[in-house]
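See structure below.
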Amino acid sequence: MRASFLSWGRASVLRVSPRVALGCLVFGALGCASGTPEARTCTTASDCAADETCLDETCVPRRGPRDAGVATDARLDDAATNPDAPPGVDAGPICSGCDDDDACTSDTCAAGVCDHTPVDCDDTNACTTDSCDPATGCANAPISCDDGDACTIDACDPTFGCTNDRPVVPGDLCSNPVDVSAGGTFAGSLACATNVVAGACGATPSADVQHVLTLVEPRRVRLTLTGEGNPVLAIGRSCGGGDVACGGADLLLDPGTYYVSVDAGPGAAGAYSLVVEVLPYPAPETVSFPVAGDPRVAASSTHYWRAGDYVQGVRTTSLPRARRAVVSLGLGNNLTCDTLPMRMRINGTEVGTFTITPGTSRVTPIFDFAAITGPSFTLRYETMRQVASGCGAVTFDESTSTVQLHP
């Protein structure tokens, strides 16, 4: 029979285990005599005797004062190490000192054995770096997606992580040129552009941006380019070409589609500004020629009959170019038996010839030619051969002679 001695002041009494007492109630003296204990099941402490408590669905005895000097079971609790159990309760296996002072572990006790399970710091966010500090616990620091390339857009997707997309620069391809047909100022950058077309107008094969200009009627177009690294401007009928003009230009353009390429120059590619002015097509301009004071070489004062005689004068207009000259030349004609062939030059280029015959008082030739750049034009009438001896000469009427220049 199991018994425990409890010390109460100066007296000592023998206390019989309730389990034994239960056996006595059921079996009487015989049960007590046999010493066979009967365990009682329980759900709460109210199911047990006053000096018992419920542990693991079994009524177990409460313990008396801890200084009774009674030998104790190793399972008996010590309130100093397990304050959750009431003093004097047979609380089963206990754990002492499971806290390892590590914020990165989860400390638990099972069946008297300490367990230190690492905590999971994964926040399921691909844009953070997950770590744990023993002193402070989990940390989820944002990651850097900067790839060091100024031409990419750096971002982070919580599911997939970093993205470094390179956007298509407007006008970077011939298939997506910047439309400048309405005119205006267009700011762009070659820093992130790629090389799509071969260099035109002397540009080296390098980053370029394409613009498109569409005209439905003849227009005067002024183009001005400035930018970092001295970019090169090329105007052409095809993307990347420069068959119309190179550099800043004041152009008279027929209806159609033109491509304006901005190409990196000798310096570092960077920002640029392209100014496009779409203006009305200019009307023809008429100038008086010749007039008194124009330089001339004549056989005798104002009479022309020798080869190489000429009159020349500079006329300034608002036209950026001339492609037609309509001549109206008044004559003092003293020719009798020969003709006088003459040519017209503009800016040193021969644009056409005409012949003065005896008795003619005015000649009105019209010359069409490849565009000659203005706005200033040097006009010249020049004899081509000498008139036959005795056949006379001609003079020019300075008060009624004109040249109409067409752009």
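Listed values, structure above:
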| item | result |
| --- | --- |
| 5 angstrom amide H check on Leu252, placed H, neighbours 5+ away | Val221 |
| Extent along principal axes [Cα atoms of the range 178-280; Å; largest to smallest] | 37, 22, 19 |
| Whole-Hz ³J(HN,Hα) from phi, Karplus 6.51 cos²θ - 1.76 cosθ + 1.60, for the range 251-259, glycine and proline x | 10, 10, 10, 7, x, x, 10, 10, 10 |
| All-pairs Cα distance distribution in the range 275-407, expressed in whole percent, bin size 10 Å | 13, 44, 29, 10, 3, 1, 0 |
| Extension gain (nm, one decimal) between Asn140 and Ala155, 0.36 nm per residue minus Cα-Cα | 3.7 nm |
| Rough spin-label spacing in nm, given labels placed 7 Å along Cα→Cβ, for Thr41 and Glu57 | 0.6 nm |
| Per-residue HN-Hα couplings for the range 104-109 [Karplus 6.51, -1.76, 1.60; θ = phi - 60°; Hz; x = Gly/Pro] | 9, 10, 9, 8, 9, 10 |
| In order through the range 336-353: 3J(HN,Hα) via Karplus (6.51 cos²θ - 1.76 cosθ + 1.60), integer Hz, x for Gly, Pro | 10, 9, 8, 9, 10, x, 9, 10, 10, 10, 10, 6, x, 9, 5, 10, x, 10 |
| Electrostatic dipole magnitude of the range 219-366 [Cβ: Lys, Arg +1; Asp, Glu -1; Cα centre; debye, to 20] | 380 debye |
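None of the figures in this text is laboratory data; all of them are computed from the coordinates on show. Fair warning: this is a prediction, and the values are worked out from it, not measured in the lab. Cβ sites come from the backbone with ideal geometry, for glycine too, and all protein chains shown count toward neighbours.
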